[in-house]
1. Could you list, in sequence order, the residues of the stretch 200-221 that are farther than 20 Å from Gly161 by Cα and not hydrophobic (A, V, I, L, M, F, W, C)?
2. Counting only residues that are under 17 Å from Ala44 (Cβ atoms) and not in a strand (DSSP E or B), which one in the stretch 68-103 is modelled with the highest pLDDT?
3. List every residue pair whose Cβ atoms lie under 9 Å apart, where the two residues are 6 or more positions apart in sequence or sit on different chains, the first residue falls within the stretch 203-219 and is among the polar types (S, T, N, Q), and the second residue, located anywhere, is surrounded by fewer than 16 Cβ atoms within 10 Å (Cβ to Cβ).
4. On the given criteria, is Leu117 closer than 17 Å to Arg40 by Cα, of a type in the set (A, V, I, L, M, F, W, C) and touching an Asp or Glu at 6+ places or on another chain (Cβ under 9 Å)?
5. Out of (1) exposed (fewer than 11 other Cβ atoms within 10 Å of the Cβ); (2) within 30 Å of Arg72 (Cα to Cα); (3) at pLDDT 90 or above, the odd one out for Ala109 is which?
6. Can you tell me which residue is nearest to the chain's Cα centre (by Cα) among those in the stretch 50-67 that are loosely packed, with under 15 Cβ neighbours inside 10 Å and at pLDDT 75 or above?
7. Can we say Ala181 is among the hydrophobic types (A, V, I, L, M, F, W, C) and free of Cβ contacts under 8 Å to residues at least 40 places away in the same chain?
8. Listed residues Thr193, Thr234; which is at pLDDT 90 or above and under 24 Å from Asp119 (Cα atoms)?
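The values are calculated or read from the model by the stated rules, or taken from the named source; none is laboratory data. Not measured: the values here are computed from a predicted model. Cβ coordinates were reconstructed from backbone atoms using ideal geometry, including for glycine residues, and neighbour counts include every protein chain displayed.
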Amino acid sequence: MQPWVVGLIWILGLAGQSQPASSGMATSAPAAPQSDIAARPVGAAEGVFSFRFEKGDLRYEDILTLRSGAKRLGKVMEWANQVLLFEADGRVETFTVEDVERFQFRRAARHRTRPELPDLTVAYVERLPRDPHWHGRVTNTDGVERPDVAVDASSWHPAAGTKATFRIHVLNAGPAASAQAPCRVLLDGADLTAGKIPPLEAGKEHVLEVAWPWQIGRHVLRVELDPGGTTPETTRGNNAFEEVTDALASPSSWLRTAIRRLAG
């Protein structure tokens, strides 16, 4: 093959890649999933799936090819046993993996440019008083290490009615400073407090303290940052945070049994 022919093929290949997929590929009307699957992402009803796609203006052009032959454009995301397709207006459609032939992730320069905006998120939540720990609390007798604790007397969670304090670490994970933003803290769906997160420089955090009389059993702590969406951000998909209050119940039960066996 002549060198000029090879060069022409290479140039045409680059030109073809630079064209938007929407101009060179006809897409079909939305196709319903063939398999029996919920229309919402797995876990959406239980609050496990909280992702919200808010960058439709970037015109993502991932290609989703269904086994029926239909092709779709949008933002593709794998989730559990589903493949999700986010439309430009934020709507999400669900397909089972059995319905999908293949998908191709495609990115342009506009997708790789990080917006100069703040990004408020809950880094973590700590609780006072803390649960006990056994770090360093061991004795060594005849080469056998045993826990140096009174296992039965240990309290693995605060007693009912104890003043518990949740220290909520709010982080600005974006590259720009954030403005003052509202915040809600709920316990089992009821408001504990509502306040303001002060302006934060990039990479800085603010600790919000909320008191609650401790109750035995499982309860759900929820934090919502800027729930009304009044503050410009890189993404709002991380503005809500949930955590159960008895997260260590099962491990502590197992650990308590193990310690009794070692101590016996």
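1. Glu201, Gly203, Lys204, Glu205, His206
2. Asn81
3. Final answer for the pair search is Gln215/Ala160; Gln215/Gly161.
4. Answer is no for this residue.
5. (3)
6. Looking at residues that are loosely packed, with under 15 Cβ neighbours inside 10 Å and at pLDDT 75 or above, I get Thr65.
7. Judged against the criteria, Ala181 is not a match.
8. Thr193
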